[in-house]
Structure formats: structure tokens, C-alpha cells
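*Asks:* Can you read through this structure? Questions will come right after.
The values are calculated or read from the model by the stated rules, or taken from the named source; none is laboratory data. Note that the structure is predicted; figures quoted are calculated from it, not measured. Here the Cβ positions follow ideal geometry from the backbone for every residue, glycine too, while neighbour counts run over all protein chains shown. Areas reflect the complete protein model, heavy atoms only, side chains present, ligands, DNA and RNA absent. Shrake-Rupley method; radii C 1.70, N 1.55, O 1.52, S 1.80 Å.
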Amino acid sequence: MKIRLGLMAAASLFATPALAQQMAAGTASEHVIVYGTLPDSDIGQDPSKVPGELQSMSADQLTAQHGATVLDSLGDQVAGVALSDSQGNTMFQDLRFHGFEASPLQGVAQGISVYQNGVRLNEAFGDTVNWEAIPQTAVARMDVWSSNPVFGLNALGGSVNLVMKNGFTWQGTQLSGQGGTYGHGMSTAQYGFENGNMSFYGAAEGVTDSGWRLHSPSGLGRLYTDAGWRFGASELHFVATASLSDLGVVGPTPVQLLQQASTAVYTYPQTTHNLIGSLALNDKTRLSDNWEVEASVYVRSLRQRHVDGNDGDFEGCSTKSSFGNDLCLQDDAFGTPAGGKTTAFRNQFVITNAAGQVFPFDNAISYGTIDRTFTDTATQGATLQATGNQPLFGLTNYFTAGGSIDHSSIGFQSNSTLAREFPNLDVAVDGTVPGAGSIIHTLGNLGYAPVNLAATTDYYGLYAVDALDLTEALTITAGLRANAANISGRDRSGAATELNGSHGYGHINPLVGTTYKFDEAVSLFGGYSEANRAPTPLELDCASQTQPCLLENSLVADPPLAQVVSHTYQAGARGSLGGLLGDDHLNWSASFFRTDSDNDIVALASTIQGRGFYTNVPLTRRQGVDLTTDYQGRGWSAYLNYSYLDATYQFTGALASPNNPGADVNGNVLVTPGRHIPVTPTNTLKAGGDVTVMEGVSLGAGLAYIGSQYFDGDPSNLNAKLPGYVLVNLRASYDLSPQWQLFGLVDNALNNHSASYGTYFETDDTVGLLNPALTDARTLTLNQPITFQLGVKLKL
């Protein structure tokens, strides 16, 4: 059966952030939006003519897991997706797709663009994505695209587009509540109505969780509203969203502590507080039978506060400096400058407060720091797009052209407070420690320096795409997108002029593709596209190995970084089969991708605990295969997806990894072509389904296998891998009546406590703190143990 898509779906993979194809089981929509403004464009095309890979999930699929964020369902069902819970909190996970990341954690080099009804969710300061802020109940459909230049900047490896509900598309009332293991509770409510030419939709969600690890409680609330009007040939929507979250994210734990207790953490507190809000006005107007214009304007704000207790990498100043036996930053890893370690060189490492006061060093004290970052961002943007299906030379033709602009104003501050690390690994101010409670820096601004930065970003995009049916079976698609980015930073403290600077980036990204449809059962596709990513203000101001930044980042340097340009080749086949066992339907696809990224930006660790920096590397390659099937029959459904990913470096050079047990005396490891990029599992497998065992009773299960992967910080592949693991989730529901439903969930039913993430730390920091001191540099974040949830849902 042909499914009508938005015009941009005609442009396939090379379309705008709102286009989508309904390929997932259980989805059926006659139209999709064109640029994230409205969910029902009137101009469409057969999805078999899309020359690229696209996976879609319906609202029911997204909420079947009853998870706290949309990532729970993505990780279980979408091919090519692997989740990484580096911080030990399921509401603060990283999405990895085809070897690229979309993470809420500053310090991760991002490579996936994310949109919600046309509003870009990548935060301007570091391209981070706060997944916990997305109102899951209000999502009508989620589309995951492979590399697509028309999604704008940062769509190197792919894009995620969220199509939201409104009162014209969803009516009724639905309430749900659930609770279970580890103090987890979640409640949701949604309401929608249509009255003539007016509509309204609203959704609210609340989540609380005590955390299965020590010192990791979390809570969040989300709100989404949409008011719509139809008048003449136009439809207008006013959308307001808000999110408030407090997340306990205490990071990976040393292996030797986990051997004592799986709930152990290493240094705390570590919390993130986010307040996010946005307003948007979306309009579409039908000009004629063949042309439509869509427009959107929005404003968005982020207020983020991060607190992190860390080891203090301190020592007594050398007696050869001017501050013998005072408190100094450890200088061993900074090498020996020409002329040897002079007095002037040694003096750069002296710790002082804002008034320049130095503090005596006490070897009996385990020093620590409480690091804080404050990020405030205000963004405004607009898009305008025209779509048409006017025949060209008598041939069926689909054309789209448009433009977008996004402007952000950013305020960023950070500081480190001198504290004490106690044997229970709590980092807190101790009044008996000289200087405790003082905001500190070094005389050379090395590692510790308060930062006060103002930055602006301006992103511009123009694109045009045309899909022409040469025959009923053969379609060619061609187009391009031009991106321009202007990024500037200004030091507001008066003490870090190196942060001042302006940078401009631009690139024209071509795209071309073709499809050939034999019949409903089989069609072929192939294409080539380019995409680019400009460095973010965070990366531009944190690119010096000798002046590393606090991650969450404290900015100290401003050397130039080049933009990343990706080159993606795709080819594959897909199809649909019906009537295999009566009233049923099978969708399948097989796709190959290869993405080469020039001047890829990578995040590297510093010798100073909790610090890091960014740098360009000449070339990386991510290639692989995705195989997907989903089956929908009477009373049951099933899916099976497999992905193979080969993500490698394609250059020879040294990368900093000072905590890697195989690093050289300078803290570097050698990377050669073919070495695998860490935290990119080669093999992933997803399987699952649901079955109605009797009237009103449904059972479901999902299995995910994540293959072995190298530890974060092991780019030369010197050490053993993090083993692969299997997660099994179970669910059941019982319809008490047409209105009431009782449901239950069992996550990680096999109680597999394997690690989803691994990296390294400096074991010397535990000398004098723990007895005995730790000697194994590996740190892990384990999968959450088996959990049970019981809930109830009311539909009116």
C-alpha cells in the first residue's frame, strides 16, 4: 500500500527536518509534515522513492516501554542505535547512531542533529541534546534519518526528527501513573480537542527516581501545549513547552570499588539542573492545488547549572619556586620547557584565591574541588519553505526550497572551589583546611581559572531539492544546502582576553540520489551527500592541550578549529509484503552506508582530573550495514534488526589519553589507520514483539544485544574491550474495561549487570585517601539491575 508523504519525503533522505516515511510496524499516516511546522502536509509521494535510510516509530511504540525518556524505546528498537549510560542515570544517556553521538554531556563531540516540530534542540553552546526535556507523551512520531545535509549543521551521522501531536490530530483524555523499584514513579496526562476551526492539545509528565546507585536521585517535569486555528487555506499553531529537571549523574566507578559494591560511586556530588522553555508559531498556507508555503518562528531558552565534586590534582610547590611548600597544581604532566623548569615556569602552578592569596600545602589532606558551571542560552529562529508538485516536462515532479536562520546569545561561567575529599568520597568544604571555600585559580591560569564568557552564534541555511520521476519506476533526486555560521566570543571577566574572537564557517553540501521500484515488494535506492559541522563556542574556546578545560567546561584558550565535513554514500533495498498469513504485513530493508569525515573534532582527556580539550583529526570513517524487518499480524507483531558498524580512524598520529595504562611518558597513545573509535560497538541486535493472548490481555518482550567495544580513552586499541551484553525487557497489560488498563514492566529481566560504558582514571589520586589505594585504572558504569513497575492507565 502506498503511503502519502510530505513533499520533502519526495526528496528522501535529502529533505527537511520534518519529512518522514511511515515504515515502522503499527504506523499508518496519510501525510507528514514538511519542515516540522505541521504534521499533515497535503503534498506527498510514495515512500519507495526515498533514496536513503529512514526508521520511524509511532506514538504507541514510543510509550509501550513506559520509560522516562524517548531514548528507552530508541535503544530497544531502532537499528544502528546504541545507548551509552556513561553517567549512571537512564535520564542522562547518550544516543549513538552510526558511530556519531547526540549527548546531553558537555565534552562529547556531537554529530547528530535533533528537531522537534522544526525547532532545533541541539543547544548552541556545545550542540548538546537534553533528551530528558522532550515531552514523550506528546510525540506523535519519531523519525531517525541517516546522514542528511538538509537537516542543517551537525547532521554528520544522521538526524532525529520528532513530530508532535496537536488537537486536530489527537482528541480525548488519557491519564497514567506507575511506580516501582528504586523509588521510581512516573505520571502522565494528555488532553486534546477539536471544535470547528479551533483545536487544543496539552500534555504534562512528571518523573521521580531515587537512583539505584548511591547519591543519584533525580526528578523532572515536562509540559507541552499546542493551540491551533484553521482559516481559509491556512492553518496556524502556537506551541509552548517547558521542562525542569534535577539529575543525579555521578559518572563511572573504579572497578575495584564495584567489586566491593555495585552501587558504589567515585566522588560526589555531581548534579545537573536544567530549566528549558520554548515558544513557537507555525503556519502553512495552501496557495494552489500544486503549491504550499510553510513558515515557523520560535524562541527557546536554557538555564543549566552543573555541580561536580572532583579530586584535587595538587602537590606542594617546589622549593625551587618562589612559593616553596605552598599549594600548587601538579606539574609533572606539563613536560619540561626549553631551558628547564625555571622559577617562572614553576610559579605558574601556584594555587591562589581571587585576592592572590596562597595557601600552605598539607600532605595529610586529600584535596578536592567543587566545580561549577553556569550556562544561559537564548535562541531565536525562523524557517520559510515552499513546496510544489507541478509537473515538469510532463513528468511527475516534486520541488522544495527554503531557508532557515538561528541566532543564539550565550552566557557561560565556571569556577572551582577548594575543598576536601573525604574517605567516603564526598567532596565538601572543610573549614579546617586553609583556603577551603575559596574560588581558586593558578598564577598561570592552568586548569583552574574562573571564566565569564559571552558568546553568540548565527546559523544560516538555504536549500533546494528536486525529485523527478523519469518513469513510474525510476526517480532521481538532486539538490544542495548552503550553510553559513558566524561564532564569536567575548571575555567578560577582563582576565582572559584569549577568549575573545570571531570565527566564520561556510559550506555548500550537495546531494544526489536515485530509486528504482520493481513493485511493492522490492525497490532499490542509492545516493551521495555531504554535511558539515562548525565548531561550537565551547570547542573553539577549549582547544589547547596545555590549558585544558573543566568538563563540564571551563574555557581558557582560543586556537582555531576547522569545520567538519562528512561525505556519505548509501545504497540498499527495501520493500513491503502483505497477505503472507492472511491479514498481515511485513516491512523490510537492507542498507549500506559509508561516511568519511574530514577534520573530525574529537574530545580528549587532560592530565588534570575532570579536564579536557578538543582537536581536529584528519580523517575518520564510519561504515556498516543495517538490516530491519517488522511484521504486523492480527493480534501480534514482531521486529528484528541487526547492525554492523566499522568505525575507525584513518590517520597516523598521537592522541592524548593520559590515564590509559598504555600511554607513553607524555600521556599520549599512537593511532594508526584502521584503529577503532572507542565506544562504538561493532554488532548490535534488536528483537521483540507483542501478542494478544486472550481478549484484553497482551504480553510483550524486547531483547537488545550490544557488542563489545573499546573503552573511552583507548583510541589506539591497546587494552581489552568492554564485553558485549544482552538486555531483556518484559511487559504485560490487562484491559479492565474500555477505559481502564493495568500494566506491568520488568526491565533487565535477566538482571545482567554488565557495563554499558568504560573509561580510565588516575589511580594516584586515591593514595592517602583509600586504604589500600586503587591500582586498576578502569572505571565502569554498570547497567541498572532488574526493576519492576506497576501502573494504571485511564482513557476517556
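*Asks:* I need a count of the residues in the range 142-195 that are more than 30 Å from residue 527 (Cα to Cα), of a type in the set (S, T, N, Q) and surrounded by 22 or more Cβ atoms within 10 Å (Cβ to Cβ).
*Replies:* Of the residues in the range 142-195, 2 are more than 30 Å from residue 527 (Cα to Cα), of a type in the set (S, T, N, Q) and surrounded by 22 or more Cβ atoms within 10 Å (Cβ to Cβ).
*Asks:* Any residue in the range 661-684 that's touching a residue at least 60 places away in the same chain (Cβ under 8 Å) and closer than 23 Å to residue 764 by Cβ: show its pairings with residues that are aromatic (Phe, Trp, Tyr) and not in a loop (DSSP other than H, G, I, E, B) at Cβ separation under 9 Å, as long as the two are six or more apart or on different chains.
*Replies:* That search, which allows pairs on different chains as well, returns 661/760.
*Asks:* Answer yes if at least one residue in the range 672-679 is of a type in the set (Lys, Arg), in contact with a strand residue (DSSP E or B) (Cβ under 8 Å, 6 or more places away or on another chain) and over 19 Å from residue 747 (Cβ atoms), and no otherwise.
*Replies:* yes
*Asks:* Looking at the range 238-245, can you tell me whether even one residue there is at pLDDT below 95 and outside any loop (DSSP other than H, G, I, E, B)?
*Replies:* No, the range 238-245 has no match at all.
*Asks:* Say we look at the range 200-222 and pick out the residues that are touching a Pro at 6+ places or on another chain (Cβ under 7 Å) and surrounded by fewer than 22 Cβ atoms within 10 Å (Cβ to Cβ); which of these is farthest from residue 91 (Cα to Cα)?
*Replies:* The residue in question is 215.
*Asks:* Looking at the range 379-392, which of its residues are open to solvent by less than 30 Å² (accessible area, probe 1.4 Å) and within 22 Å of the chain's Cα centre (by Cα)?
*Replies:* 379, 381
*Asks:* A follow-up question, please. Select from the range 393-416 the residues that are open to solvent by 60 Å² or more (accessible area, probe 1.4 Å) and assigned to a strand (DSSP E or B) and list them in ascending order.
*Replies:* Those that are open to solvent by 60 Å² or more (accessible area, probe 1.4 Å) and assigned to a strand (DSSP E or B): 399, 405, 413.
*Asks:* Further, regarding this structure: Check every one of the strands (runs of 3 or more DSSP E) wholly within the range 610-716 and list those with 3 or more residues that are open to solvent by 40 Å² or more (accessible area, probe 1.4 Å).
*Replies:* Counting at least 3 such residues, we get 611-633, 636-649, 683-694, 697-706.
*Asks:* Kindly list the number of the only condition in (1) over 30 Å from residue 570 (Cβ atoms); (2) out of contact with any Asp or Glu (no Cβ under 6 Å at 6 or more places or on another chain) that fails for residue 469.
*Replies:* Single failed check for residue 469: (1).
*Asks:* Restricting attention to the range 467-478, report how many residues are surrounded by fewer than 18 Cβ atoms within 10 Å (Cβ to Cβ) and either part of a strand (DSSP E or B) or touching a helix residue (DSSP H, G or I) at 6+ places or on another chain (Cβ under 8 Å) (or both).
*Replies:* Within the range 467-478, residues that are surrounded by fewer than 18 Cβ atoms within 10 Å (Cβ to Cβ) and either part of a strand (DSSP E or B) or touching a helix residue (DSSP H, G or I) at 6+ places or on another chain (Cβ under 8 Å) (or both) number 3.
*Asks:* I would also like to ask the following. Any idea which of 448, 459, 463 is farther than 30 Å from residue 46 by Cα, in contact (Cβ under 8 Å) with a residue 60 or more places away in the chain and assigned to a strand (DSSP E or B)?
*Replies:* One residue alone meets the criteria, 459.
*Asks:* Can residue 182 be described as assigned to a helix (DSSP H, G or I) and of a type outside the set (Val, Ile, Thr)?
*Replies:* yes
*Asks:* Being small (Gly, Ala, Ser) and open to solvent by 10 Å² or more (accessible area, probe 1.4 Å) is the filter here; which residues of the range 520-536 pass it?
*Replies:* 521, 526, 527
*Asks:* Select the strands (runs of 3 or more DSSP E) contained entirely in the range 269-345, then report the ones holding at least 2 residues which are open to solvent by 30 Å² or more (accessible area, probe 1.4 Å) and polar (S, T, N, Q).
*Replies:* 270-286
*Asks:* Another question, then. Give me the residue from the range 73-114 that is over 22 Å from residue 713 (Cβ atoms) and assigned to a loop (DSSP other than H, G, I, E, B) and, out of that set, most open to solvent (accessible area, probe 1.4 Å).
*Replies:* Ranking the candidates gives 90 first.
*Asks:* Same structure again: Going by what's in this entry, would residue 255 be described as under 22 Å from the mean Cα position of the chain (by Cα), of a type outside the set (S, T, N, Q) and open to solvent by less than 40 Å² (accessible area, probe 1.4 Å)?
*Replies:* In short, no.
*Asks:* Among the candidates 430, 376, single out the residue that is free of Cβ contacts under 8 Å to residues at least 24 places away in the same chain, of a type in the set (D, E, K, R) and surrounded by fewer than 19 Cβ atoms within 10 Å (Cβ to Cβ).
*Replies:* Unique residue meeting the criteria: 430.
*Asks:* Looking at (1) open to solvent by less than 50 Å² (accessible area, probe 1.4 Å); (2) outside any strand (DSSP E or B); (3) under 21 Å from residue 325 (Cβ atoms), which is the one condition that is false for residue 419?
*Replies:* So the condition that residue 419 fails would be (2).
*Asks:* To continue, here is another question. Of the residues 591, 544, which single one is in contact with a strand residue (DSSP E or B) (Cβ under 8 Å, 6 or more places away or on another chain), modelled with pLDDT of 80 or more and of a type in the set (S, T, N, Q)?
*Replies:* 591 is the lone residue from the list that is in contact with a strand residue (DSSP E or B) (Cβ under 8 Å, 6 or more places away or on another chain), modelled with pLDDT of 80 or more and of a type in the set (S, T, N, Q).
*Asks:* Still on this structure: Has the range 730-740 got any residue that is of a type in the set (Ser, Thr, Tyr), without any contact (Cβ under 8 Å) to a residue 24 or more places away in the chain and open to solvent by 20 Å² or more (accessible area, probe 1.4 Å)?
*Replies:* Yes; the residues of the range 730-740 include at least one that is of a type in the set (Ser, Thr, Tyr), without any contact (Cβ under 8 Å) to a residue 24 or more places away in the chain and open to solvent by 20 Å² or more (accessible area, probe 1.4 Å).
*Asks:* Ok, one more. Given the criterion surrounded by 18 or more Cβ atoms within 10 Å (Cβ to Cβ) and basic (Lys, Arg), identify the matching residue among 481, 492.
*Replies:* Sole residue among the options that is surrounded by 18 or more Cβ atoms within 10 Å (Cβ to Cβ) and basic (Lys, Arg): 481.
*Asks:* Are there any pairs, at least 6 apart or on different chains, whose C-beta atoms fall under 8 Å, with the first in the range 321-347 and under 15 Å from residue 446 (Cα atoms) and at pLDDT 90 or above and the second open to solvent by less than 60 Å² (accessible area, probe 1.4 Å) and in a helix (DSSP H, G or I), and if so, which?
*Replies:* These pairs meet every condition: 328/346.
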